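A.B. asks: I'd like to ask some things about the structure below.
The values are calculated or read from the model by the stated rules, or taken from the named source; none is laboratory data. All figures in this text were calculated on a predicted structure; none of them were measured in a lab. In this analysis, Cβ positions are derived from the backbone assuming ideal geometry, glycine residues included, and neighbour counts consider all displayed protein chains.
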Amino acid sequence: MVRVPAHERLVLANGATLILLPRRDVPLLACQALLRGGSVSDPPTLPGVASLVAALLEKGAGARDAYAFAETVEGAGGSFAAAAGPEAISLRSQFLARDQDLMLELLADALRTPRLAANEFEHLRSRQIEFIKAVKDSEPAELIDAYGRALVFCGHPYAQPVHGSESSLARITHAEVLEYHRAQFGADRLILVLAGDLDMRQAERAVSAAIASWPRAGVRASLPSSPPSAPRVLLVDAPGAAQTHFWLGTTGVDRHYPRRAALDLVNTLFGGRFTSLLNAELRIKSGLSYGARSSFVRGSVAGEFAIRSFVETAKTVRAIRLALQALERLHHEGVSAEMLASARAYTLGQYALGLETAADWAGALAEIEFFGLGTRYIDDYPDRLAEVDPDAARAVIAEAFPTPDRLTLAVIGDAERIAEQLSEFGPVDSMRLTDPDFSPGALAHEALA
């Protein structure tokens, strides 16, 4: 049975939250830090600032330039990585327990006094622009979420691509990176979890010494609720593409949705595993695709529900129809007790595997602290799964799973071959894959209005 291990939660005088979880099975210490803000705190017309700031945290801090910082981490056999998400910048680190002080020194320097060097900024910005271009050429499916979210969340911070677009990245200046750090970084935004081979009191003293003098950032703007979206169709033209990638989505539910267990089981059955209803239709029975999945992204406010797949260009419309029909059947037929038992066994097995190491627990405790979920979110989950029956599944299908007529459709494919057929699903907006943003001009202007 998965239970949250004994741990201690402290709030320091400057507002930083510290969580300590001793786990002495191996001589390692894992750190997970979350700094509230993320890409939703980007300037409205400049998505990608938070992502660049996060990347720069690894490129020198305090007395160490980028080379010295990386050499120090590598020389100790440790790891240190930072990344931006929609609502937070995260830093993950793991070192030998004996190097606890070094790990905390590097973390404090990265948060408080990162170099944010102009030359490193220019290099990272250029590399990110080139990376987006390269993905468009080789793996456009990696960008389908960005196109879909731009449609569904038009005008909301969730619409902005976390890592920016070619257009927005080109407009970001070094001054904006410096201003983001000045305005968005502060002790009261920090959740810091240390898990592993640690002495609780020694760790508390070490953290206090490292960040006690770090001032607060001040009040953070609240994230508005994500509004219901009007269905749209967007075709992103990739001339000559042999495959079509498609995304069907709309607003879903937030992290505090009360029927979480039923939601997880139903989505596992619908599109969350290889034997799901959705994958059975598009891959196993019809052979149209190598895979089809559905998922919910649940943040402080409702993120998206989405279905994703890819097919040969000539089979685009047939595959989209099958995906919509599978969702319609889910609403009409529900799921059986036998299906729920299978999904329950699968979900419990995956759940336990995700909470094995000190690093796993550091991430889990940071997450429940960030969203204010409490430890029962983890402790009670197996019991909540056991309680889900077909009636509970029907309720969650009605509440959380959209009907097909509510879905927005984003497609990356050869417009010459599929544009006319896609009109079956509604009026089609078009743009080119080579365009430097993730929404056509009219929608981009609406988002900025």
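A.B. asks: Looking only at region 117-141, how many residues end up being touching a Lys or Arg at 6+ places or on another chain (Cβ under 9 Å) and assigned to a helix (DSSP H, G or I)?
C.D. replies: 5
A.B. asks: When you look at residue 352, is it in contact with an Asp or Glu (Cβ under 7 Å, 6 or more places away or on another chain), assigned to a helix (DSSP H, G or I) and in the same structural domain as residue 246 (by TED's automatic domain parsing), yes or no?
C.D. replies: No; evaluated as a whole, the condition is false for this residue.
A.B. asks: In region 232-246, which residues are under 18 Å from residue 319 (Cβ atoms) and either of a type outside the set (A, V, I, L, M, F, W, C) or outside any strand (DSSP E or B) (or both)?
C.D. replies: Of everything in region 232-246, those that are under 18 Å from residue 319 (Cβ atoms) and either of a type outside the set (A, V, I, L, M, F, W, C) or outside any strand (DSSP E or B) (or both) turn out to be 238, 241, 242, 243, 244, 245.
A.B. asks: Something else now. Can you name every residue in region 292-304 that is without any contact (Cβ under 8 Å) to a residue 40 or more places away in the chain and not basic (Lys, Arg)?
C.D. replies: Those that are without any contact (Cβ under 8 Å) to a residue 40 or more places away in the chain and not basic (Lys, Arg): 292, 294, 295.
A.B. asks: Is there any pair linking a residue in region 430-441 that is assigned by TED's automatic domain parsing to the domain that holds residue 415 to one that is part of a loop (DSSP other than H, G, I, E, B) and among the hydroxyl-bearing types (Ser, Thr, Tyr), with Cβ under 7 Å and at least six apart or on different chains, and which?
C.D. replies: Pairs that qualify, where the first residue is assigned by TED's automatic domain parsing to the domain that holds residue 415 and the partner is part of a loop (DSSP other than H, G, I, E, B) and among the hydroxyl-bearing types (Ser, Thr, Tyr), are 436/165; 437/165; 438/165.
A.B. asks: Now, a different point. Looking at 320, 307 in this structure, which one is of a type in the set (A, V, I, L, M), touching a helix residue (DSSP H, G or I) at 6+ places or on another chain (Cβ under 6 Å) and touching a residue at least 60 places away in the same chain (Cβ under 8 Å)?
C.D. replies: 307
A.B. asks: Can you pull out the residues in region 9-29 that are in a strand (DSSP E or B), of a type outside the set (Ser, Thr, Tyr) and closer than 22 Å to residue 186 by Cα?
C.D. replies: 9, 10, 11, 18, 19, 20
A.B. asks: Condition test on residue 301, is it among the hydrophobic types (A, V, I, L, M, F, W, C), in contact with a Ser or Thr (Cβ under 9 Å, 6 or more places away or on another chain) and farther than 27 Å from residue 228 by Cβ?
C.D. replies: In short, no.
A.B. asks: Filter region 404-420 for residues that are surrounded by 14 or more Cβ atoms within 10 Å (Cβ to Cβ) and either in a helix (DSSP H, G or I) or not small (Gly, Ala, Ser) (or both) and give the result.
C.D. replies: 404, 406, 407, 408, 409, 411, 412, 414, 415, 417, 418, 419
A.B. asks: Can we say residue 146 is modelled with pLDDT of 95 or more, within 30 Å of residue 233 (Cβ to Cβ), buried (at least 16 other Cβ atoms within 10 Å of the Cβ) and small (Gly, Ala, Ser)?
C.D. replies: Here the answer is yes, as residue 146 does meet what is asked.
A.B. asks: Among the residues of region 86-117, write down those that are β-branched (Val, Ile, Thr) and under 21 Å from residue 365 (Cα atoms).
C.D. replies: 89
A.B. asks: Across region 41-71, which residue is nearest to residue 167 (Cα to Cα) among those that are β-branched (Val, Ile, Thr) and crowded, with 16+ Cβ neighbours inside 10 Å?
C.D. replies: 49
A.B. asks: Another one. Considering region 114-140 alone, what residues qualify as being under 22 Å from the mean Cα position of the chain (by Cα) and either among the basic types (Lys, Arg) or buried (at least 16 other Cβ atoms within 10 Å of the Cβ) (or both)?
C.D. replies: 124, 125, 127, 128, 129, 132, 133, 136, 140 - these are the residues of region 114-140 that are under 22 Å from the mean Cα position of the chain (by Cα) and either among the basic types (Lys, Arg) or buried (at least 16 other Cβ atoms within 10 Å of the Cβ) (or both).
A.B. asks: Let me ask something else about it. Name the single residue that is surrounded by the fewest Cβ atoms within 10 Å (Cβ to Cβ) among those in region 269-310 being within 25 Å of the chain's Cα centre (by Cα), outside any loop (DSSP other than H, G, I, E, B) and of a type in the set (A, V, I, L, M).
C.D. replies: Only one residue tops the list, namely 297.
A.B. asks: Further question on the same structure: Quick check, is residue 244 over 19 Å from residue 147 (Cβ atoms) and crowded, with 21+ Cβ neighbours inside 10 Å?
C.D. replies: It is false that residue 244 is over 19 Å from residue 147 (Cβ atoms) and crowded, with 21+ Cβ neighbours inside 10 Å.
A.B. asks: Turning to a different aspect of this structure: If only one of 369, 399 is assigned to a helix (DSSP H, G or I), touching a residue at least 12 places away in the same chain (Cβ under 8 Å) and closer than 30 Å to residue 337 by Cα, which one is it?
C.D. replies: Residue meeting the stated conditions: 399.
A.B. asks: Then there is this: Under 8 Å by Cβ, and 6 or more places apart or on different chains, what pairs join a residue from region 120-144 that is in contact (Cβ under 8 Å) with a residue 12 or more places away in the chain with one that is among the aromatic types (Phe, Trp, Tyr)?
C.D. replies: That search, which allows pairs on different chains as well, returns 141/310; 143/438; 144/246; 144/247.
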